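Enquirer: Here it is, the structure, as structure tokens.
The values are calculated or read from the model by the stated rules, or taken from the named source; none is laboratory data. Quantities reported herein were computed from a predicted structural model and do not represent experimental measurements. Backbone-built Cβ (ideal geometry, glycine too); neighbour counts: all protein chains shown. Side chains included, ligands, DNA and RNA excluded: accessible areas come from the protein's heavy atoms. Shrake-Rupley method; radii C 1.70, N 1.55, O 1.52, S 1.80 Å.
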Amino acid sequence: EEDKDDDDDAPPFDMYFQNDGARSQRYSPFSANTGFYYMRSTPKARLLMHDLLHSYNLISMYHSHQHVLCQLLVEHYSKHGLRVKILGHDLFSIGQQYHRKKDFMKALIYDRPEPRPYIFHWSWTAGKGEKLAYSRETGMWYLRDECSEERIRSSDSTESSLRRCCIPLAEQ
């Protein structure tokens with residue numbers, strides 16, 4: 001099978017990550033947030049994931065898959081030419097912005113800019129309760145109140161049952 005990496009029409013990156021915002025050596029130089037990311041099925045990306053899945057000992061030692069993945073990103077970038085794209089905060093937001101970028105959050109809540117972030121991953125936020133409260137407070141929560149987590153888990157998960165729980169963009 002022909003390697004899609006050499007296809008001129010292929011997107012230029014193997015993996016896309018939200019920007020974690022942490023500038024410590026632990027996450028350098030990419031500062032990739034591993035809570036939500038997109039990986040194309042390229043040979044380079046598959047090799048990285050193979051190495052990550054065989055790194056349980058390191059993940060256990062550091063108590064962080066993110067730390068290990070960030071190390072592997074550097075290794076695979078330099079050894080294998082893995083192409084990594086770190087996405088901008090405006091459209092791929094994280095909890096760091098909620099806690100540290102008050103102007104951005106005020107604009108998001110009150111001015112409702114278009115386009116709004118496609119994703120708001122509540123990293124840098126302690127617990128599930130806070131994440132839920134912040135999601136609702138900022139208008140980044142897209143489930144109806146009557147659709148609790150328990151109801152979703154116990155539902156038949158058909159498209160129609162999930163549609164009843166999701167708030168369409170037109171109603172937001």
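Enquirer: Where in region 26-54 does the label zone of Glu75 land, with the point 7 angstrom along Cα→C-beta and an amide N cut-off under 13 Å?
Expert: Only 47-54 pass the distance filter.
Enquirer: Further question: So if R0 is 25 Å, what FRET efficiency would Asp90 and Lys128 give, r being the distance between their Cβ atoms, rounded to the nearest 0.05?
Expert: Details: r = 25 Å, r/R0 = 1.02.
Efficiency computed from Cβ-Cβ geometry: 0.45.
Enquirer: I'd like to check one number: the per residue accessible area of region 33-74, probe 1.4 Å, reported in Å² as a whole number.
Expert: For region 33-74, the per-residue accessible area is 58 Å².
Enquirer: Determine, from the Cβ-Cβ distance of His67 and Arg112 and an R0 of 25 Å, the FRET efficiency 1/(1 + (r/R0)^6), rounded to the nearest 0.05. Kindly include the intermediate steps, with their values, before the conclusion.
Expert: Details: r = 36 Å, r/R0 = 1.43.
The formula returns an efficiency of 0.10 here.
Enquirer: Taking only the alpha-carbon positions of region 19-163 and ignoring solvent, what does the Debye formula give for the base-10 log of I(q)/I(0) at q = 0.09, 0.10, 0.13 Å⁻¹?
Expert: Log-scaled intensity ratios, in q order: -0.37, -0.46, -0.76.
Enquirer: Percent relative contact order of region 1-115, based on C-alpha pairs within less than 8 angstrom and at least six residues apart?
Expert: Averaging sequence separation for qualifying contacts and normalising by length gives 32 percent for region 1-115.
Enquirer: Continuing with this model, one more query. Percent of alpha carbon pairs in region 39-125 separated by more than 20 Å? Kindly include the intermediate steps, with their values, before the conclusion.
Expert: On the way: 1915 of 3741 pairs.
For region 39-125, the fraction of Cα-Cα distances above 20 Å is 51 percent.
Enquirer: Turning to a different aspect of this structure: What are the ³J(HN,Hα) couplings of region 86-97, residue after residue, when phi is run through the Karplus curve with 6.51, -1.76, 1.60 and θ = phi - 60°? Round to Hz, x for glycine and proline.
Expert: 9, 7, x, 5, 4, 9, 10, 7, 9, x, 4, 5
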